[in-house]
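This report concerns only the one structure given below.
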Amino acid sequence: MCIRDSLDTVTPEEITHWQPGETLLLSGTLLTGRDAAHKRLLTQLANGEPLPAGVDFKNKFIYYVGPVDAVRDEVIGPAGPTTATRMDKFTDGMLEKTGLIGMVGKAERGPIGIEAIKKHKAVYLMAVGGAAYLVSKAIRQSKVVAFEDLGMEAIHEFVVEDMPVTVAVDSSGTSVHNTCLLYTSPSPRDLSTS
């Protein structure tokens, strides 16, 4: 079962109902950013500077991605998620100082990231890793809104339609990577003889 939700109207209260392992189809506006953008944003905020024009994370989600340039008639080239643990050291600051309520990436979050998610009652969603071309098909519009000098790490604004994600860490800090039960067959088969 998939739950459709709008990134443009989702509220902090609503995300508290999302459960680890649930599949969502997201539509609406999504900002992007990776290591270099996170570092620059937090440095600006620490120096008392405002966020760049066109960048508003209040009740929004960030997609950890460094998209490839479009070819031919594509909106954007391959846009697969970046490993989220790389952003763990920035997570508390981003959630605290920007109004961000969720993040989209790939793989698990480390203890520091999970604690920040729990503290700020945010969520972390996983997109399909290794399927950058397929993920890019959910992106309907794309434009650079800040830090163009960072190239593929610039902040983009994506408009997505039915982008498939899985709730990986819920607002209480429960992670599918820590709670997933593994099924072991009662009588394992030797696959080498099959």
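A few notes on this one:
- Taking 0.36 nm per residue of separation and subtracting the Cα-Cα distance, full extension of the segment from K143 to K119 would add 5.5 nm.
- Rounded if a/c under 1.5, otherwise prolate or oblate - the stretch 2-62, Cα gyration tensor axes: prolate
- Cα centroid separation, the stretch 1-79 to the stretch 90-136 (Å): 9 Å
- ³J(HN,Hα) computed for each position of the stretch 53-61 - Karplus, 6.51 cos²θ - 1.76 cosθ + 1.60, integer Hz, glycine/proline x: 3, x, 10, 9, 8, 4, 6, 10, 10
- Top positive-direction residue, dipole computed over the chain with Cβ charges, set V75, A53, T166: T166
- Rounded FRET efficiency, nearest 0.05, which uses the C-beta distance separating E13 from L134 and R0 of 30 Å: 0.45
- When S172, S6, S136 are compared by accessible area of protein heavy atoms, the largest-first order is S172, S6, S136, using a 1.4 Å probe.
- Taking other residues whose beta carbon is less than 15 angstrom from the beta carbon of H17, and scoring Lys, Arg as +1 and Asp, Glu as -1, yields -3.
- These residues, R140, R72, R109, R40, go from largest to smallest accessible area, 1.4 Å probe, as R72, R140, R40, R109.
- With contacts taken as Cα pairs under 8 Å at a separation of at least 6 residues, the chain carries a relative contact order of 28 percent.
- Calculated FRET value between A46 and V71, using beta carbons and R₀ = 30 Å, to 0.05: 0.20
- Cut-off under 5 Å, modelled amide H: who pairs with I3 long-range: T23, L24, L25
- Förster radius 35 Å - calculated FRET efficiency between L25 and D56 (Cβ-Cβ, nearest 0.05): 0.90
- What the phi angles of the stretch 62-79 give under the Karplus curve with 6.51, -1.76 and 1.60, with θ = phi - 60°, is a coupling list of 10, 9, 6, 7, x, x, 8, 4, 5, 10, 6, 9, 6, 6, 8, x, x, 9 Hz, glycine and proline written as x.
- Considering only the chain, percent of DSSP beta bridges that pair antiparallel, nearest 5: 55 percent
- Taken over the Cα atoms of the chain, the convex hull encloses 149 Å³ per residue.
The values are calculated or read from the model by the stated rules, or taken from the named source; none is laboratory data. Just so it is clear, the model here is predicted, and its values are computed rather than measured. Neighbour counts are summed over all protein chains in view; Cβ atoms, including those assigned to glycine, are modelled from backbone coordinates with ideal geometry. These accessible areas exclude ligands, DNA and RNA; they are computed on the full protein's heavy atoms, side chains included. Shrake-Rupley method; radii C 1.70, N 1.55, O 1.52, S 1.80 Å.
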